[in-house]
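The values are calculated or read from the model by the stated rules, or taken from the named source; none is laboratory data. A quick note: this is a predicted structure, and the numbers were derived from the prediction, not measured. When we count neighbours, we look across all protein chains shown, and the Cβ atoms used for this are built from the backbone with ideal geometry, even at glycine.
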Amino acid sequence: MNHPFLSPTRRDRWHVAAALQRLLLGATATLFAFSLIGCGSSSTSDAPPPAAPAAVAPTITQQPASTSVAQAATATFSVIATGTAPLNYQWTRGGATIAGATGASYTLSGATIADHNAVFAVVVSNSAGSATSNGATLTVTSIIPQPPAGLTCASISGSSQCWAHPRPQGDSVLDVHFIDANTGLAAGLTTLLRTTDGGTTWSVVANSLTSGFVNVFRRSVRYATPSVAVAVGGDGAIARSIDGGLTWNDVSSGTTNNLYRVVFASATVGVVVGQNSILRTVDGGATWTIANSATESWQDVTASGNTFVAVGNQGFARSTDGGATWTVGDFGTTAGFLGVSFVPGTNSVIAVGGGGAMRRSNDGGATWVAATSGSFDSLGDIAFADSNIGLVVAINSGAILRTVDGGANWTPVASGTTGELLAVAWRDAANPIALGFFGLQRTSSDAGLTWTGLTPATVDDLQAPASNGAGVVIAVDDVGIVVRSTDGGVTWTAGATVPGLIPSAATFLDANTALIVGENGAIGRSTDAGVTWATVASGTTEDLFSIGTVSSTSAVAVGEDGTILRTIDGGATWSSVASGTTADLLSVRFATALIGVAVSGDVVLRTIDGGASWAAVTAPDVGGYLAVRFADSSVGVIGGTNESLRTTDGGASWTVISNPAGGLSLFEFTSATTGRGVGDGILTTVDGGATWAVTAQLSPALQFAFRSLVVLSHSTLIGVGDIGQIAHLTLP
């Protein structure tokens, strides 16, 4: 640029000076910048870093709330907690961890009767500690009345099906295992059961109608961890739980052979033995492979470290590599072996079987010698509490053998029952439990020296249930012991014995007067609602099969060879009435105080004078008449073998109706239009018996309790049957 007032020379000097000034200013700015950077760097390296705040343990500020939902609805439980992040959540049910429930809320879908009164809680944790919430109780409501508290129940097809007696449940238990003193699982014939109170009460967690584990016998169940459990059964069935036994899912076994026992050596390695099969898992039961297919019915297996030992009908098998490979041997006897157990902390193994057979190995099952059990019973399950104390249950007699020297010697101890015990386990070192057929259960609190029962041991097969309509229900076992309930069939006590009575049927004439009839013309009578009983003369030795109430003072009993007996003084005395037939009369009922009907296999008799006289009525042949019931003074049904009959004129004439599934022999009317029964399921009529339909499935586990039936109301059915079983059904 040319400055107008400067000469060229002066202009040159000015340009040089300006350039130098720019250089000096740039250098000064650069040095200032470097000075700032250097100062900043020096300050950062010399000052201490700020202290991190201390982690704060969780505090629950809002507890999970108890809630009530309808059956099949969704229930959600939530918690709010403070504390240093991240916070971890783990929900529990009844103290057992729920797999996958690791959020601030937990949702249960499809609530069932089995979820009623379940208690949910959550543990919130972080690096500084943990906090456990209060328990939140789930109430499940529906149009189905809730079952009485304290019963072992399952929810099936909208019905609550419970065992009322014998306690604690009525399924036959083949195996039992406890993960701690309170929490255990039992494999019943058709159910999987769970307890959280040491076996005092049980809940049905799976059955052959509500789980995927269907149509098979449950044979064995074991915990791998407190959360993971495996159950095995017939047709190669394996089911697995990852939430402590609350829910179950099918697992492929790779075989259709029956499986008899499962055992775990660790949280991951386990073995299942069965019919010509030994299976192995290395992932806690999630997957299984066939490890051995030796031709043998392997009944039991035990584990210690990497060594597994299995026993079968006549042989044994042994693995020393965690079940991967097996060697098979022979005991050299025809006695079948059913149980085997390591003696804890030792290399000794004891096998037991039929006829009191016992073998002992001191080298982990490699070699065996004969041992003495001191028994000739068929010995089944064997279990040790420690290196000294062990127990063996006898299948046929209810006997229990006990050792206190590691199995060197065995002594019988009184179990208090002659029922068939099938499984024994230790809840802890002092508290064993033994279970067997139809809910038979014995427990000990002194390491197996003495035993008591949670079920009455004196009641056998039950027949002849009856209700007085005011809460009292009775039934009679096959030696005349009367069991009695005063709360509508929920709780029961065994009471008086009617001498010489093998029962067939019972009835109440009024709230206090009850009558029981049975074999050889035996009749029992009570005037105090079943508390005390006396026998009365019937005047016959013919078997009596049924009894019908006419009024508060009158009743009719029928039986063998056309026998008809009648009382008009409340059962104190009886007189014979001509029937006009020699056919066995199986059932009798009255529509009114005058009109009644009695049936045999192919004869229908009718009275119109309160049972004083009887005449045959023409009725269609449906292949056999089984039972007669009346809905009102006009409408009645005769259950038949192939088809059934119905009357609308008090039994004067009959027409054919179709049988429901499973036939119509156990049924009662609950009103003039409604009725309930049990066949291949729970039967219902709403049109006075003209049609019957299966409205709910009946758990196979409860079918043995329905040899006889009493209907307390349209929503409450009581069944009685084998080995003292009583079932309580609650229906919509």
Requested in this report: With respect to residue 124, determine if the residue is assigned to a strand (DSSP E or B), over 15 Å from the mean Cα position of the chain (by Cα) and in contact (Cβ under 8 Å) with a residue 12 or more places away in the chain.
Outcome: yes
Query raised in the report: For residue 339, are the conditions met, namely being buried (at least 21 other Cβ atoms within 10 Å of the Cβ), assigned to a strand (DSSP E or B) and modelled with pLDDT under 95?
Result: no
**Report entry** Whichever residue in the range 182-203 is over 21 Å from residue 165 (Cβ atoms) and of a type in the set (Ser, Thr, Tyr) and, among such residues, is modelled with the lowest pLDDT
**Finding:** 196
Query raised in the report: Filtering the range 204-236 down to residues that are within 18 Å of residue 115 (Cβ to Cβ), surrounded by fewer than 24 Cβ atoms within 10 Å (Cβ to Cβ) and of a type in the set (S, T, N, Q), which residue is modelled with the highest pLDDT?
Result: 210
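Listed residues 324, 351; which is surrounded by 15 or more Cβ atoms within 10 Å (Cβ to Cβ) and assigned to a loop (DSSP other than H, G, I, E, B)? Working first, answer last.
Numbers: 351 fails: assigned to a loop (DSSP other than H, G, I, E, B).
After applying the criteria, what remains is 324.
When residues of the range 127-154 are filtered for being hydroxyl-bearing (Ser, Thr, Tyr), more than 30 Å from residue 53 (Cα to Cα) and assigned to a strand (DSSP E or B), how many remain? Give the derivation first.
Just the residues of the range 127-154 that are hydroxyl-bearing (Ser, Thr, Tyr), to begin with: 127, 130, 132-133, 137, 139, 141-142, 152.
Now restrict to residues that are more than 30 Å from residue 53 (Cα to Cα): 137, 139, 141-142, 152.
Now narrow it down to the ones that are assigned to a strand (DSSP E or B): 137, 139, 141, 152.
Going through the range 127-154 one residue at a time, the tally reaches 4.
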Report summary line: Reported set for the range 508-525 where residues are acidic (Asp, Glu) and closer than 11 Å to residue 545 by Cα is 519
Requested in this report: Tell me, yes or no, whether the range 627-650 has at least one residue that is on the phi > 0 side of the Ramachandran plot, buried (at least 21 other Cβ atoms within 10 Å of the Cβ) and touching a strand residue (DSSP E or B) at 6+ places or on another chain (Cβ under 7 Å).
Outcome: no
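For the range 564-573, what are the residues that are part of a loop (DSSP other than H, G, I, E, B) and surrounded by fewer than 22 Cβ atoms within 10 Å (Cβ to Cβ)? Don't jump to the end; show me each part of the working.
Taking the range 564-573 as the starting set, the residues that turn out to be part of a loop (DSSP other than H, G, I, E, B) are 568-573.
Selection gives 568, 569, 570, 572, 573.
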Query raised in the report: If you go through the range 465-482, how many residues are buried (at least 24 other Cβ atoms within 10 Å of the Cβ) and of a type in the set (Gly, Ala, Ser)?
Result: 1
Query - Scan of the range 54-76 for residues that are in a strand (DSSP E or B) and in contact (Cβ under 8 Å) with a residue 60 or more places away in the chain, ordered by number - result: 59, 60, 67, 68, 69, 70, 75
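Considering only residues that are among the polar types (S, T, N, Q) and surrounded by 22 or more Cβ atoms within 10 Å (Cβ to Cβ), look in the range 418-449 and name the one that is farthest from residue 381 (Cα to Cα). It would help to see each step written out before you state the result.
Kept after step one, since they are among the polar types (S, T, N, Q), are these residues of the range 418-449: 418, 431, 441, 443-445.
With surrounded by 22 or more Cβ atoms within 10 Å (Cβ to Cβ) added as a condition, the list becomes 441, 444.
Values: 441: 14, 444: 16 Å.
Ranking the candidates gives 444 first.
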Requested in this report: With the condition kept exactly as written, say whether any residue in the range 603-620 is on the phi < 0 side of the Ramachandran plot, under 41 Å from the mean Cα position of the chain (by Cα), part of a strand (DSSP E or B) and not acidic (Asp, Glu).
Outcome: no
Query raised in the report: Among the numbered criteria (1) surrounded by 15 or more Cβ atoms within 10 Å (Cβ to Cβ); (2) in a loop (DSSP other than H, G, I, E, B); (3) not hydrophobic (A, V, I, L, M, F, W, C), which single criterion is violated by residue 380?
Result: (2)
Report summary line: All conditions in (1) surrounded by fewer than 19 Cβ atoms within 10 Å (Cβ to Cβ); (2) touching a strand residue (DSSP E or B) at 6+ places or on another chain (Cβ under 8 Å); (3) within 19 Å of residue 509 (Cα to Cα) are true of residue 595 except (1)
Query raised in the report: So which residues in the range 651-687 are outside any loop (DSSP other than H, G, I, E, B) and surrounded by fewer than 20 Cβ atoms within 10 Å (Cβ to Cβ), if there are any at all?
Result: 655, 656, 668
**Report entry** Of all residues making up the range 384-405, the number that are under 18 Å from residue 340 (Cβ atoms), under 25 Å from the mean Cα position of the chain (by Cα) and surrounded by fewer than 23 Cβ atoms within 10 Å (Cβ to Cβ)
**Finding:** 1
Query raised in the report: Would you pick out the residues in the range 709-723 that are surrounded by 22 or more Cβ atoms within 10 Å (Cβ to Cβ) and touching a helix residue (DSSP H, G or I) at 6+ places or on another chain (Cβ under 7 Å)?
Result: 719, 720, 721, 723
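Just checking, does the range 351-359 include any residue being over 33 Å from the mean Cα position of the chain (by Cα) and at pLDDT 95 or above? Spell out how you get there, then give the answer.
We begin by selecting, within the range 351-359, every residue over 33 Å from the mean Cα position of the chain (by Cα); these are 359.
After this cut, where a residue has to be at pLDDT 95 or above as well, the list is 359.
Yes: the range 351-359 contains one or more residues that are over 33 Å from the mean Cα position of the chain (by Cα) and at pLDDT 95 or above.
Looking at 425, 447, 408, which is the one that is in contact with a strand residue (DSSP E or B) (Cβ under 8 Å, 6 or more places away or on another chain), under 20 Å from residue 351 (Cβ atoms) and at pLDDT 95 or above?
On the way: 447 fails: under 20 Å from residue 351 (Cβ atoms); 408 fails: in contact with a strand residue (DSSP E or B) (Cβ under 8 Å, 6 or more places away or on another chain).
Just one listed residue meets the conditions, 425.
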Report summary line: Wholly inside the range 435-552, strands (runs of 3 or more DSSP E) that include 2 or more residues that are among the small types (Gly, Ala, Ser) and more than 30 Å from residue 399 (Cβ to Cβ) are 462-467, 503-508, 514-518, 523-526, 544-549
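Taking the range 273-306, which residues are among the small types (Gly, Ala, Ser), closer than 15 Å to residue 321 by Cα and in contact (Cβ under 8 Å) with a residue 40 or more places away in the chain?
Of the residues in the range 273-306, the ones among the small types (Gly, Ala, Ser) are 274, 277, 284-286, 291, 293-294, 297, 303-305.
Filter once more, keeping what is closer than 15 Å to residue 321 by Cα: 291, 303-305.
Across the range 273-306, the qualifying residues are 303, 304, 305.
Return the total of residues in the range 620-660 being among the hydroxyl-bearing types (Ser, Thr, Tyr), closer than 12 Å to residue 690 by Cα and touching a Gly at 6+ places or on another chain (Cβ under 9 Å).
Total satisfying the criteria: 3.
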Report task. Looking only at the range 155-168, count how many residues are in contact with a Leu (Cβ under 6 Å, 6 or more places away or on another chain) and not in a strand (DSSP E or B). Result -> 2
**Report entry** the range 239-261: number of residues that are in contact (Cβ under 8 Å) with a residue 60 or more places away in the chain, more than 17 Å from the chain's Cα centre (by Cα) and within 28 Å of residue 380 (Cα to Cα)
**Finding:** 1
Report summary line: Those residues of the range 580-590 which are buried (at least 22 other Cβ atoms within 10 Å of the Cβ) and either small (Gly, Ala, Ser) or assigned to a loop (DSSP other than H, G, I, E, B) (or both) amount to 587
Report task. Considering (1) over 16 Å from residue 130 (Cβ atoms); (2) assigned to a strand (DSSP E or B), say which one residue 99 fails and leave the rest. Result -> (2)
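Anything in the range 507-531 that is closer than 13 Å to residue 481 by Cβ and either under 34 Å from the mean Cα position of the chain (by Cα) or not assigned by TED's automatic domain parsing to the domain that holds residue 575 (or both)? List them, or say none.
516, 518, 530
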